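The values are calculated or read from the model by the stated rules, or taken from the named source; none is laboratory data. None of the values given here were measured: they were computed from a predicted structure. For neighbour counting, all protein chains shown are included, and Cβ atoms are generated from backbone atoms with ideal geometry for every residue, glycine included. Areas reflect the complete protein model, heavy atoms only, side chains present, ligands, DNA and RNA absent. Shrake-Rupley method; radii C 1.70, N 1.55, O 1.52, S 1.80 Å.
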Amino acid sequence: MNAPRKLHIKSYGCQMNVYDAQRMVDTLARENFVETDNAADADLVILNTCHIREKASEKVYSELGRLREAKEDAAGAGRDMKIVVAGCVAQAEGAEIVRRAPVVDVVVGPQSYHHLPDLLRRAARDGRAIETEFPLQDKFTSLAPPQPAAIRARGITSFVTVQEGCDKFCTFCVVPYTRGAEVSRPVAKIVDDVRRLADNGVREITLIGQNVNAFHGEGPDGKPWPLGKLLHHIAAIQGIARLRYTTSHPCDVDDSLIAAHRDLPALMPYLHLPVQSGSDRILGGMNRKHTVADYHRVIDRFRAVRADMAFSSDFIVGFPGETDQDFAATLALVAQIGYASAYSFKYSPRPGTPAADMQGMIDAATMDQRLAQLQQLIDSQQSAFNAGCIGKTLDVLFEQAGRRAGQLVGRSAYLQPVHVMASPDIVGQVLPVTLTGLERYSFFGDLPAEHAPVAASHRDHASLTATTGA
Ligand code: SAM
Ligand code: SF4
């Protein structure tokens, strides 16, 4: 057998891309590729790109500039380095990528990456291969499942895609164009994936999709199942301690999802539910299909079934036509909801989306000022939420060793990193931790006595590592 070839993959953007990158690695493992951290050393470099904002797209071209030099160095040393651009920039720009960066050998959209082995062969034969179709055949059935060793190496938490694409067509968003129409995977296939992961030590599953709660995959009864029913089914799989799902749309929250939060202790009481703006006028312009009052009603439904529910959101500031009053309404919404954390972005016009042609673009200085103001409010809410956890005892799922000898790090239900001094045996366990201190976004705390072999030293703030940003 030939020596393994080296593969370096760099992913930008959302958790869908992180998941897709792993599936590309699994598929190329069958072709005798092994992963390397060092791009300069690789025989194959894949950039798994994001097109959601202009900055994200432009990063790809700077990276391709650096890779051109690495490819020339490799050629100088008698090695052939192939470069692939995958993901949403590949889908949106297609052949334009090769025109701007002739160093690229393969361009492959997010719905076609199961064809990578063929595309690499085509590029070797013809000099280049480009595929940005939306094939009818199910990508997931053609992808290699991860090997047990790969699952174990990736740790005790894992993403599983249950749904792809989006039919919502928010006027600012490229996703419906780059990822295509909504498609849900059959329940049986998802269950197979989760079982394989659980059998190899995975304890926490995050079900992912661009619009995950629009899930309507075919159940074993031949009928479409909503996400809540899928969650009930997966919660029963041996070994699964925690479930999460992301990203949800407020309009697709149904009774089954509320029931899942009411009934399933494994379903974490922390939800990313983007609202984008607190102004009904702007929500209308965005084609979000819900009002501020609708959003409040949905939040109230979750809180009614789980008092410990916490929320995060995405916000866009400076959407075309956003007035000072519209922005004030966003600040008011944030103040009313009280988020545990949130992401906020300056509006970035995306070619081909309706909002890019709207009147009333907001000037850069106003956008900067609004973003800073919103982020300050969100930061203060996050700090207050975290400060309110000090002194409480929260369940923590332990994931890995910390940077310091004897230190372990895990996550609370709210994804807060929590550091304790303990034996590595507890990796994979959910244990109660009394939170005693906080440094930036990281907590430290005390385990029950039987699990805490080292006394007191976890109060040493210097022991906190920067391994895990919130
Ligand atoms: N499907 C999710 C939803 O409905 O909110 C998230 C989609 S997107 C991958 C993640 C976030 O990027 C969005 O929630 C939005 O806040 C932001 N975003 C998308 N398009 C944008 C644009 N053109 N400019 C600025 N932010 C954008
Ligand atoms: Fe984009 Fe809107 Fe679909 Fe989210 S719901 S992916 S923001 S179009």
**Prompt:** When you scan the stretch 305-325, how many residues do you find that are more than 16 Å from ligand 2 (Cβ to nearest atom), hydrophobic (A, V, I, L, M, F, W, C) and in contact (Cβ under 8 Å) with a residue 24 or more places away in the chain?
**Reply:** 4
**Message:** Can you name every one of the strands (runs of 3 or more DSSP E) wholly within the stretch 105-196 that holds 1 or more residues which are closer than 25 Å to Arg53 by Cβ and away from ligand 1 (no atom under 16 Å from the Cβ)?
**Reply:** 106-108, 129-131
**Request:** Could you pull out every one of the strands (runs of 3 or more DSSP E) wholly within the stretch 238-354 that has 3 or more residues that are away from ligand 1 (no atom under 14 Å from the Cβ)?
**Result:** 242-246
**Message:** Take the conditions under 24 Å from the mean Cα position of the chain (by Cα), open to solvent by 30 Å² or more (accessible area, probe 1.4 Å) and aromatic (Phe, Trp, Tyr) and apply them to Phe134. Does it pass?
**Reply:** yes
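Here's the yes/no breakdown for (1) open to solvent by less than 30 Å² (accessible area, probe 1.4 Å); (2) more than 16 Å from ligand 2 (Cβ to nearest atom); (3) touching a strand residue (DSSP E or B) at 6+ places or on another chain (Cβ under 6 Å); (4) free of Cβ contacts under 8 Å to residues at least 12 places away in the same chain:
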site	(1), (2), (3), (4)
Gln210	no, no, no, no
Gly217	yes, yes, yes, no
Asp221	no, yes, no, yes
Lys229	no, yes, no, no
Cys251	no, no, no, no
Ala259	yes, yes, no, no
**Message:** Residue under question is Ile205, and the condition is that it be more than 16 Å from ligand 2 (Cβ to nearest atom), more than 18 Å from the chain's Cα centre (by Cα) and buried (at least 18 other Cβ atoms within 10 Å of the Cβ); does it hold?
**Reply:** no
**Prompt:** Which members of the stretch 7-24 meet the condition of being in contact with an Asp or Glu (Cβ under 8 Å, 6 or more places away or on another chain), buried (at least 19 other Cβ atoms within 10 Å of the Cβ) and over 15 Å from Lys139 (Cβ atoms)?
**Reply:** Leu7, His8, Ile9, Ser11
**Message:** I need a count of the residues in the stretch 31-70 that are of a type in the set (Asp, Glu), part of a helix (DSSP H, G or I) and either open to solvent by less than 50 Å² (accessible area, probe 1.4 Å) or within 18 Å of Gly109 (Cβ to Cβ) (or both).
**Reply:** 1
**Request:** Please verify whether the stretch 229-248 includes one or more residues that are closer than 28 Å to Pro354 by Cβ and not hydroxyl-bearing (Ser, Thr, Tyr).
**Result:** no
**Asked** Hey, any hits in the stretch 183-191 for a residue that's in contact (Cβ under 8 Å) with a residue 24 or more places away in the chain, hydrophobic (A, V, I, L, M, F, W, C) and within 12 Å of ligand 2 (Cβ to nearest atom)?
**Response** no
**Prompt:** Would you pick out the residues in the stretch 407-420 that are in contact with a Pro (Cβ under 9 Å, 6 or more places away or on another chain) and either polar (S, T, N, Q) or open to solvent by 10 Å² or more (accessible area, probe 1.4 Å) (or both)?
**Reply:** Arg411, Ala413, Tyr414
**Message:** Can you tell me how many residues within the stretch 315-340 are open to solvent by 20 Å² or more (accessible area, probe 1.4 Å) and closer than 22 Å to Phe385 by Cβ?
**Reply:** 5
**Prompt:** Which of (1) buried (at least 19 other Cβ atoms within 10 Å of the Cβ); (2) under 27 Å from Glu218 (Cβ atoms); (3) modelled with pLDDT of 95 or more does Ser112 not meet, given it meets every other one?
**Reply:** (3)
**Item:** Among residues of the stretch 77-92, those that are in contact with a Lys or Arg (Cβ under 8 Å, 6 or more places away or on another chain) and closer than 27 Å to Phe140 by Cα, counted
**Value:** 3
**Request:** Please tell me if Leu207 is within 16 Å of ligand 1 (Cβ to nearest atom) and not in a loop (DSSP other than H, G, I, E, B).
**Result:** yes
**Among (1) open to solvent by 70 Å² or more (accessible area, probe 1.4 Å); (2) within 25 Å of the chain's Cα centre (by Cα) - the single one Phe345 does not satisfy** = (1)
**Asked** If you go through the stretch 270-291 one residue at a time, do you hit one that is open to solvent by 20 Å² or more (accessible area, probe 1.4 Å), within 16 Å of ligand 2 (Cβ to nearest atom), of a type in the set (A, V, I, L, M, F, W, C) and more than 16 Å from Tyr339 (Cα to Cα)?
**Response** no
**Message:** Which pairs turn up if I take residues in the stretch 2-15 that are touching a residue at least 12 places away in the same chain (Cβ under 8 Å) and in a strand (DSSP E or B) and look for partners that are open to solvent by less than 30 Å² (accessible area, probe 1.4 Å) and among the small types (Gly, Ala, Ser) with beta carbon separation below 7 Å, at least 6 apart in sequence or on another chain?
**Reply:** Lys6/Ala42; Leu7/Ala42; His8/Ala39; His8/Ala42; Ile9/Ala21; Ser11/Ala21
**Item:** Among the candidates Phe327, Phe398, residue that is farther than 22 Å from Met286 by Cα and of a type in the set (Phe, Trp, Tyr)
**Value:** Phe398
**Request:** Report, by residue number, each residue of the stretch 154-169 that is away from ligand 2 (no atom under 16 Å from the Cβ) and open to solvent by 10 Å² or more (accessible area, probe 1.4 Å).
**Result:** Arg154, Gly155, Ile156, Thr157, Ser158, Phe159
**Prompt:** Hey, does the stretch 438-460 have a residue that's modelled with pLDDT under 95, among the polar types (S, T, N, Q) and in a helix (DSSP H, G or I)?
**Reply:** yes
**Item:** Unique residue being out of contact with any strand residue (DSSP E or B) (no Cβ under 9 Å at 6 or more places or on another chain), away from ligand 2 (no atom under 16 Å from the Cβ) and under 20 Å from Gln238 (Cβ atoms) when the list is Arg125, Arg196
**Value:** Arg196
